[in-house]
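This report concerns only the one structure given below.
The values are calculated or read from the model by the stated rules, or taken from the named source; none is laboratory data. Computed from a predicted structure; not experimentally measured. Don't worry about glycine lacking a Cβ; one is built from the backbone with ideal geometry, like all the others, and counts go over all protein chains shown. Note: areas computed on protein heavy atoms with side chains; ligands, DNA, RNA excluded. Shrake-Rupley method; radii C 1.70, N 1.55, O 1.52, S 1.80 Å.
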Amino acid sequence: MLTVLHRLILPTEGLEQCDAMYARPALPERVADTSSSAFRLKMGQAFTFDTFYNAFSVKKWKQAGGVSRLLLSLHIRGQGEVTLFHRSKADVVTPLWSKEIEGEIRCAEEISAWPTLSEGLLYCSVTAQSECTVEAVYFATSSPMVQVPQLGVVITHFNRQQYVRNSIQRVQKALLQDPAYQDVIHFIVIDNSANLDPAEVPGAKVIKNHNYGGSGGFARGLLYLHEQGTFTHCLFMDDDISCEVEAIRRCYAMLAYSVDRRIGLAGTLLDDQKPWSVQEKGAEFSEGVFRPLHKGEDVRPIENLLNLEQDTGKPVYGGWWFFAFRLDAVSAYPFPFFVRGDDALFGLMNRFNIVTVNGVACFSEHFLSKESAFTRYLGMRASLAIYLMVGQGRALPAVKMMGLAFLWCALSCRYQSAQAILLAFQDVSQGADFWRQNLDFMPLAKRIQKEAVQCKEPAYFQSHPFHYEGQLETKLRRCVRLMSLNGHLLPGWALYKKPVYVGEYTSGLLGLTFRHQRIVYRKYESSDIFEVELNRFRLLALTWAFFKTSIIFILKTPFLRKSYRSKLSTLCSRNFWISVYK
C-alpha cells in the first residue's frame, strides 16, 4: 500500500497566487472540477513542474529518515510523455526515466535512483502529443510510517469569525472528508473572543477561552491535546489558515516518516502582496534579536529553490502561523507573552530541530505593514525578556538593543513608538513577576498611544513626492544631523515648513527626515499614512526617561537575570497554565 507524500497541485481558488510557483511556462488549463488539480493539455503543449509547490525536496525527505523507497504515481489519459528529472544543487539536470502515454495509464513507477540521491529536487514534465488529461501525479512510498500521527491542528481565534469560518469550510471539503485523513487530523479552535458559533465551523472542536493572547490560546490547545491522551503531534496555525491544504497533507507525511523525535516543522511565510517573496523560512534568535532566514528571497527562479533547500543560519524556532511538532518532545509550554516572542522562546526551550520544506507555506500581510506602537512594545519587551532568560543577559548589550530601537523612532518623530519601547523597557525591568501579574494585555494597552492612520486613494501617492530610497549625504551634513539630534536642536528658522513624504521603512530614513518640521509616513505595502510633527520637548522628555530607566536597569541587571532564570521553568510549565485555566 502506498502512502502519498507529495501531490502535484494547481493553485487553490481564493488564495494568493503566482503561476510560476506551480508550473512553467504557465498554468495548464484546469478540467471542469475546480476543486481538483486535474488539468488538460492541448496537442503540442508541454509543462514542467520544477517549482516551489511541485518540486520534491530530496534533502529534506532524506533527512526525515523513514522513506527507503520512492515512487512516482501517475493517472493520465490521452497520448503523450512523462519525464522525471533530478536537478542537483550544482544545477545539473539528469533525466531519470520517461514513460509513454497511450490511452489511459494508472501506474506507480519506482524511482530506482532514490537510494543514491542526497540533495536537489525531483520533478516531472508532461508533453502532449494529442489532447491529454492529467488526473493525478504524486510522489509516494511503500515504506511503513515511523509513527502514525494523530495530529491536532490548534488554531487560536480572536474576532475574525469570517476568516476562520471560510478556512475551516475549505479545509473540511478538501481534507476532512478524505478517508485517508478524516480520522487522524483533528481541528481545535481556541476561541479567545468567545463569540464563534461551533455550528459554523463543522468538523472542528471549538473551545471558548479567556483572551490571554496567542500564548494563552496555544497553551490552552496544548492542554487539551495532552488531556485527551490520544494525540501524538500538534500543528499550530493562524486563524485564517491562508495556505494550500496540500501543505497540511505534506506536513502530516513528513511527521509520519521523521525518525527525529525533536522535529519542528516550520512553514515558510510568504508575502500576500508578493506571493513569491519569502518573509521567513525558519528563524534564529541571538543577542535579543529575531532574524528571519531567507528574508526577501524570490521562490520563482529554479536556482533560488535550490538555495532555499540549503540550511542557512541556525534556525531555532518556527512562527506559529504554521509550526508542527511531536507532543512527547514538549517539556516547556508557551511563556505568557500574550503575543510576540512566544514562538521564539517555545522553540528555544524545547530545543526543536527546525526543518523547512519548499511547498509547505502560508501567506500573510508583511510583518512591516503590521508594525505600530503596539507591536513595537510587544516585540521589544519579548526580545529583552528572552535575552535575560536564555541569552547572555548582559546589561550594556541589552541597553544598546533597546536604545537603538528607541532612538530610531524618537529621532524620526515617531514618539508614540518611542514611548512604547520605553514602556517595554520599564515593564521588563520590573522582574519576572510582571508577567504573572499582567496575563491580560488589554489594561496595559491603554497606556500606548495609537498613530492616527488614514487610508488614502492611489491618486494621493501619485500627487505627492514619496521617497522610498535614501539619499547620499556629505560628512558635514551627517555630522550636523547627529549633533542636532536629527534636527531637534536646530532653531525653527532652520527647519523646512513643507512636509516630507517617506515610506516608513525607507533606508536612510533619518537622513530623509532631517530638518523637516512635518513628516508624512506611508505604511509598508499599504495605502495607509500617518503624519507626525517635530517636538523638541517631547524628544527630550522621552530621552531623559529612557536614560533614567537605563541606569536603573543596569543596576538591577544581576537581580533581573536571576529572577527571570529562576522563574522561567515555572512560567513555561504545564502546571502554570492549568492554574490559569482552572
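Remarks
Per-residue answers, yes or no, for (1) within 17 Å of residue 421 (Cα to Cα); (2) in contact with a helix residue (DSSP H, G or I) (Cβ under 9 Å, 6 or more places away or on another chain); (3) of a type in the set (Val, Ile, Thr):
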| residue | (1), (2), (3) |
| --- | --- |
| 439 | no, yes, no |
| 448 | yes, yes, yes |
| 457 | no, no, no |
| 465 | no, no, no |
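- Residue in segment 557-568 that is out of contact with any Ser or Thr (no Cβ under 9 Å at 6 or more places or on another chain), under 30 Å from residue 461 (Cβ atoms) and among the aromatic types (Phe, Trp, Tyr) present: no
- Which listed residue, of 507, 569, 579, is open to solvent by 10 Å² or more (accessible area, probe 1.4 Å), at negative phi and not in a helix (DSSP H, G or I): 507
- A single member of 267, 341 is among the small types (Gly, Ala, Ser), on the phi > 0 side of the Ramachandran plot and open to solvent by less than 40 Å² (accessible area, probe 1.4 Å), and it is 341.
- Some residue of segment 531-541 being touching a helix residue (DSSP H, G or I) at 6+ places or on another chain (Cβ under 9 Å), of a type in the set (Val, Ile, Thr) and under 18 Å from residue 465 (Cβ atoms): yes
- Condition check for residue 148: touching a helix residue (DSSP H, G or I) at 6+ places or on another chain (Cβ under 7 Å) and crowded, with 19+ Cβ neighbours inside 10 Å: no
- Failed condition for residue 231, given (1) buried (at least 24 other Cβ atoms within 10 Å of the Cβ); (2) farther than 27 Å from residue 162 by Cα: (1)
- Screening residue 582 with (1) under 30 Å from residue 224 (Cα atoms); (2) at pLDDT 95 or above; (3) of a type outside the set (Asp, Glu) gives one miss only, at (2).
- Qualifying residues in segment 259-318 (those that are among the basic types (Lys, Arg), out of contact with any helix residue (DSSP H, G or I) (no Cβ under 8 Å at 6 or more places or on another chain) and within 27 Å of residue 233 (Cα to Cα)) - the one modelled with the lowest pLDDT: 314
- Number of the condition not met by residue 85 [criteria: (1) out of contact with any Pro (no Cβ under 8 Å at 6 or more places or on another chain); (2) open to solvent by 20 Å² or more (accessible area, probe 1.4 Å)]: (1)
- Restricting 113, 23, 32, 90 to those that are hydrophobic (A, V, I, L, M, F, W, C), out of contact with any Cys (no Cβ under 6 Å at 6 or more places or on another chain), open to solvent by 10 Å² or more (accessible area, probe 1.4 Å) and within 26 Å of residue 299 (Cα to Cα) reduces the list to 90.
- Of the criteria (1) open to solvent by 10 Å² or more (accessible area, probe 1.4 Å); (2) in contact with a strand residue (DSSP E or B) (Cβ under 8 Å, 6 or more places away or on another chain); (3) more than 14 Å from residue 269 (Cα to Cα), which one residue 321 fails: (3)
- Unmet criterion (only one of (1) assigned to a strand (DSSP E or B); (2) in contact with a helix residue (DSSP H, G or I) (Cβ under 9 Å, 6 or more places away or on another chain)) for residue 97: (2)
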